[in-house]
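Chemist: What follows is a structure written as structure tokens; I'll ask about it next.
The values are calculated or read from the model by the stated rules, or taken from the named source; none is laboratory data. All values derive from a computational prediction rather than experimental measurement. Here the Cβ positions follow ideal geometry from the backbone for every residue, glycine too, while neighbour counts run over all protein chains shown.
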Amino acid sequence: MRFVFVVFVLISSSLSGCFGSEELFAEERGRPGGLALACLQDDRFEKMNIHFLYESGYDPEAMDLVKTRLSQVCDKPSGIKIVAREVNFNEDNTWSAVDVRDARWKHGDDAMGSSTLNWYFLFPKGTYNDDSVLGVAVDASTVAVFKDSIEESENFLGRPSAEEIERAVTVHEAGHLLGLVNLVYTSPIDHEDPDHPGHSSNEDSVMYWAIESSSIGNIFSGSIPDEFDNDDKSDLQGMASGELKCSYQLWS
Ligand SMILES: [Zn+2]
């Protein structure tokens, strides 16, 4: 499918790091949340592939967990499939949002197949240009998780462990692709953290802001959430049913 290029700038400067805002987005690739309904509903896409592209030695920890979490909220009667592939990204070690998008569209394909929705999770070597960021969602179908930064963010007790942090970060970024929190809709529930737009104020939600921050090891000692909380789920149900109006959708 060919797309028309329309470029726009996200105005808000408060959305640092995690959405790769303050960057130019190509409209057809959309913004995080732009393919939320494509996942939550089955109107156009009955199947979904979750692609994990990872550098050698950077095997993702949370492939099954992401599939489980998406299966719990998305309507895909023909199933959700994991597609894992080792990739040599050939990048230097610092990634911008543009680099992540370029790498995904170089090594991956369109998000929208005939009846298949494709989301991409990249696990590159190196760090984001803001190395306090453990994961980013950069367009409607692309996220990256920075395992090198996750290793660094582990506290001296190793609780939570780097593996646990990675699982939470990966689900968190999937949550942004689903539009959480308030990225493409306005929740009737007051659960967005005013100090961290796009994130939950509930530290028991995987959408809590600190989940993707390198300060996570200082904020949590012990277990961390890797699930959406009831407010997140209520938002997703409202979007899926049409009760909540969604903006910026790429296909509906
Ligand atoms: Zn986030």
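Chemist: In the set Gly238, Gly198, Gly242, which member is in contact with a His (Cβ under 8 Å, 6 or more places away or on another chain) and modelled with pLDDT of 95 or more?
Modeler: Among Gly238, Gly198, Gly242, only Gly198 is in contact with a His (Cβ under 8 Å, 6 or more places away or on another chain) and modelled with pLDDT of 95 or more.
Chemist: Moving on. Name every residue in region 184-215 that is out of contact with any strand residue (DSSP E or B) (no Cβ under 9 Å at 6 or more places or on another chain), within 12 Å of the ligand (Cβ to nearest atom) and touching a residue at least 40 places away in the same chain (Cβ under 8 Å), in order of residue number.
Modeler: Within region 184-215, Pro197 is the sole residue that qualifies.
Chemist: So, one more: Test of understanding: among Asp131, Asp109, Asp92, which residue is over 20 Å from Gln249 (Cα atoms) and under 18 Å from the mean Cα position of the chain (by Cα)?
Modeler: Going through Asp131, Asp109, Asp92 in turn, just one is over 20 Å from Gln249 (Cα atoms) and under 18 Å from the mean Cα position of the chain (by Cα): Asp131.
Every residue, every condition in (1) hydroxyl-bearing (Ser, Thr, Tyr); (2) farther than 22 Å from Asn90 by Cβ, yes or no:
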position: Pro124; (1), (2): no, no
position: Val143; (1), (2): no, no
position: Ser149; (1), (2): yes, no
position: Val184; (1), (2): no, yes
position: Ser187; (1), (2): yes, yes
position: Asp190; (1), (2): no, yes
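Chemist: So, in region 240-252, how many residues would count as being in contact (Cβ under 8 Å) with a residue 40 or more places away in the chain and over 17 Å from the mean Cα position of the chain (by Cα)?
Modeler: Total satisfying the criteria: 7.
Chemist: Of everything in region 216-237, what is over 17 Å from the mean Cα position of the chain (by Cα) and away from the ligand (no atom under 13 Å from the Cβ)? Give them in sequence order.
Modeler: Selection gives Gly217, Asn218, Ile219, Phe220, Ser221, Gly222, Ser223, Ile224, Asn230, Asp231, Ser234, Gln237.
Chemist: So is Arg101 at pLDDT below 95, among the basic types (Lys, Arg) and assigned to a loop (DSSP other than H, G, I, E, B) or not?
Modeler: For Arg101, the condition - at pLDDT below 95, among the basic types (Lys, Arg) and assigned to a loop (DSSP other than H, G, I, E, B) - is not met.
Chemist: Among the residues that make up region 112-131, is at least one of them of a type in the set (D, E, K, R), within 16 Å of the ligand (Cβ to nearest atom) and touching a residue at least 12 places away in the same chain (Cβ under 8 Å)?
Modeler: yes
Chemist: Does any residue in region 66-78 that is farther than 16 Å from Met207 by Cβ come within less than 9 Å, Cβ to Cβ, of a residue that is of a type in the set (Ser, Thr, Tyr) six or more places away or on a different chain, and which pairs are these?
Modeler: Within 9 Å, the pairs are Ser78/Ser115; Ser78/Thr116.
Chemist: Right, another one. What residue, of Leu180, Leu244, is closer than 21 Å to Ser71 by Cα, within 12 Å of the ligand (Cβ to nearest atom) and assigned to a loop (DSSP other than H, G, I, E, B)?
Modeler: Leu180
Chemist: Filter region 141-161 down to residues that are among the hydrophobic types (A, V, I, L, M, F, W, C) and part of a loop (DSSP other than H, G, I, E, B) and give me whichever is nearest to Pro32 (Cα to Cα).
Modeler: Phe146
Chemist: Quick test for you: out of Ser78, Ser114, pick the one residue that is modelled with pLDDT of 95 or more and either closer than 19 Å to Gln41 by Cα or loosely packed, with under 14 Cβ neighbours inside 10 Å (or both).
Modeler: Ser78
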